[in-house]
Amino acid sequence: MPGQRPLLSNRASSDISGERDIAEEDALLTGRPTQRTTSGPRTWKFWREIGLFVWAVVATALVVILAVVYQQSSHDSRHSSPHPTGKRNLIFMVSDGMGPTSLSLTRSFMQFQNGAPFGEQLVIDQHLIGQSRTRSSSSLITDSAAGATAFSCAKKSYNGAISVTPDHEPCGTVLEAAKKAGYMTGLVVTTRITDATPACFAAHVNMRQEEDRIAEQMIGDYPLGRVVDLMFGGGRCHFLPNSTVESSCRADDKDIVAAAKKNGFNYVDDRAGFDKLKGGAAVQLPLLGLFADTDIPYEIDRRNENDIYPSLHEMAEAAMKALSEATRDSDKGFFLMIEGSRIDHAGHHNDPAAQVHEVLAYDKAFTSVLDFLKNDKTEAVMVSTSDHETGGLATARQLHTSYPEYVWFPSPLANATASAERLAMNYATYLLTANPSDAQKASFIRSSLSSGLGLADYTESEVSALVADPSTSLYQYADMISRRSQTGWSTHGHSAADVNIYSSDPKAALPLVGNHENTEVGDFLREYLGVDVEAVTKELREKGAGLMVEEEGGEMVGWMGKVPEEGRGSMGRIMLRAMGAISGRGACFMVGTVGVGTE
Ligand SMILES: *[C@@H]1O[C@H](CO)[C@@H](O)[C@H](O)[C@H]1NC(C)=O
Ligand SMILES: *[C@@H]1O[C@H](CO)[C@@H](O)[C@H](O)[C@H]1NC(C)=O
Ligand SMILES: [Zn+2]
């Protein structure tokens, strides 16, 4: 609390008497006399000092005793056993690609938009407990796959690894172990449910690009059977057979929705279906909810399409409600992972306007989790962190060779009403369908700049650059906002920055206070739930030994798919194949894919 004095401070407020009191206090604590010479009989002042001394000793002793008793009791209830017996819930939140500067950016934007004072914080700001170091086994800069493997398996692995070790063996995950121990489990994301972060909790593949295979595993077609009770997110195209030409991105004709239903899943695939769940009260588990072909749109666009796509906090609330109802009569609670998946994509796109709305949506979901925990009686904790930073974001940008002014402007972010991704998709669709002349393109772009970005001051050279090179329009749109707000980016990829750790309860999450390796976050998750992840690793290796699956083209490979070839850009080749497979869907999808292959 700013301006509030420490509770136990009894120092006088005036500077002069303050100095004297410090000398007296020191004397009282050390037992040595003060330098001041006192003479005469023992006055009431002497007895007052004796009184103060006795009070200080008693008060100090009391504080020490209380602290010890408190520590003892909180130790007993939280940390006495690696295998806690009481019922507990664990909510793990992941803000993909959100570094500390994303918070500075979003906080200043929020204050600007709300006319709030500079002391106003985001909700998440008030729950900071530590930092995580994010390197993977293969690089100082991790990707989301190795990042999430550090959380799910508590092991470092290589970039691209979906819960497999560097020697390409499966490692058991906290979600799998939680399911085995009797917990209910859930995954809520805004990207494809087959994307790296959610995949790492309930699938094992050697290369993250194999999302078709990940979809099969997540619905239970792998050595452990079904382990996830609830999934909400996008990525429907990996579940539909390639015969559904418009909305499939599978390379084969397997119907994973049908397979999910055969494995017991209930299935919803649109807003109407989500609304019928009545905020989670009407959920029948297990449940698969896929609300977009690929990613759910950025919040800056989704908020105008609320009748099509549920928001992150709505999905999170429904999941918490459903899982707590389902475990009401159980002696085990639930494990739920909630991801603000596309903060990362806004970083890849270098789009600060899209990013602030993603972070605000995450803050809202964070608030929903705090509200749930406040009103739920089961012992629980929420931990929130990021897998890495994306974009090398800076709330500063030097635009010229001359020494820069110290300024950063949130207003250009507030003017934007659409993401650069959406504007680029609209432009690509226009080019495909209208076959326009250059003059028509220029007028299309002018209107997108004024209505989509809210830009009054765009230049003719900016317009003609967009006419000349539509393939980079996404980056061009994003750069126009970045320059005007003087937002800096050092990469379209990830960075090695440490990321923040937050918790609903710093005492329950005590092992994560301070600066930690990302694998220690994974250690905490399994220890909080008291589950045996090593036993799952053993079971996976035993049941998976010799288990082969058929690749496209008939080749037989191990159940976790092909191993990446050393030293070759396997990511790029797979992305090209994926893009080829969905080329029928046109430039829109390809524009939307920029940067997503490497998140
Ligand atoms: C769909 O998948 C099957 C194999 O499952 C394949 O033979 C066929 O060529 C695919 N069709 C398309 C249009 O890709
Ligand atoms: C933002 O919008 C306002 C109102 O339309 C306009 O005056 C201002 O110039 C815009 N900002 C930029 C950077 O174009
Ligand atoms: Zn990531």
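Among all residue pairs at least 6 apart or on different chains, which show Cβ distances below 6 Å where the first residue, located in the range 115-132, is under 24 Å from residue 387 (Cβ atoms) and the second is among the charged types (D, E, K, R) and modelled with pLDDT of 95 or more?
122/107; 122/363; 123/363; 124/363; 131/498
If a residue counts only when it is not assigned by TED's automatic domain parsing to the domain that holds residue 378, which helices (runs of 4 or more DSSP H) contained entirely in the range 135-238 have at least 2 such residues?
none
Of everything in the range 249-266, what is closer than 10 Å to residue 286 by Cα and surrounded by fewer than 18 Cβ atoms within 10 Å (Cβ to Cβ)? Give them in sequence order.
Once the filter is applied, which keeps residues that are closer than 10 Å to residue 286 by Cα and surrounded by fewer than 18 Cβ atoms within 10 Å (Cβ to Cβ), the range 249-266 yields 261, 263, 264, 266.
Can you name the number of the only condition in (1) over 27 Å from the mean Cα position of the chain (by Cα); (2) farther than 30 Å from residue 140 by Cβ; (3) at pLDDT below 50 that residue 588 fails?
So residue 588 meets the others, but not (1).
With surrounded by fewer than 24 Cβ atoms within 10 Å (Cβ to Cβ) and under 18 Å from the mean Cα position of the chain (by Cα) as the only criterion, which of 311, 330 stands out?
Details: 330 fails: under 18 Å from the mean Cα position of the chain (by Cα).
So the residue among 311, 330 that is surrounded by fewer than 24 Cβ atoms within 10 Å (Cβ to Cβ) and under 18 Å from the mean Cα position of the chain (by Cα) is 311.
Between a first residue in the range 549-566 that is within 13 Å of ligand 1 (Cβ to nearest atom) and a second residue that is part of a loop (DSSP other than H, G, I, E, B) and of a type in the set (Gly, Ala, Ser), which pairs have beta carbons less than 6 Å apart while being 6 or more apart in sequence or on different chains?
These pairs meet every condition: 552/251.
Can you name the condition, by its number, that residue 73 falls short on among (1) at pLDDT below 95; (2) under 30 Å from residue 193 (Cβ atoms); (3) in a helix (DSSP H, G or I)?
All conditions pass for residue 73, except number (2).
Identify, from the list 463, 521, the residue that is within 16 Å of ligand 2 (Cβ to nearest atom) and in a helix (DSSP H, G or I). Break it down into steps so the answer makes sense when it comes.
Values: 521 fails: within 16 Å of ligand 2 (Cβ to nearest atom).
Being within 16 Å of ligand 2 (Cβ to nearest atom) and in a helix (DSSP H, G or I) holds for just one of 463, 521, which is 463.
Determine which member of the set 215, 202 is touching a helix residue (DSSP H, G or I) at 6+ places or on another chain (Cβ under 6 Å), closer than 25 Å to residue 549 by Cβ and free of Cβ contacts under 8 Å to residues at least 40 places away in the same chain. Step through it out loud before you land on a result.
Numbers: 215 fails: free of Cβ contacts under 8 Å to residues at least 40 places away in the same chain.
Being touching a helix residue (DSSP H, G or I) at 6+ places or on another chain (Cβ under 6 Å), closer than 25 Å to residue 549 by Cβ and free of Cβ contacts under 8 Å to residues at least 40 places away in the same chain holds for just one of 215, 202, which is 202.
Tally up the residues in the range 307-364 that are among the charged types (D, E, K, R), free of Cβ contacts under 8 Å to residues at least 40 places away in the same chain and in contact with a Lys or Arg (Cβ under 7 Å, 6 or more places away or on another chain), please.
Result for the range 307-364: 1.
The values are calculated or read from the model by the stated rules, or taken from the named source; none is laboratory data. Just so it is clear, the model here is predicted, and its values are computed rather than measured. Every residue, glycine as well, gets a Cβ built from its backbone with ideal geometry; the counts of neighbours run over all protein chains shown.
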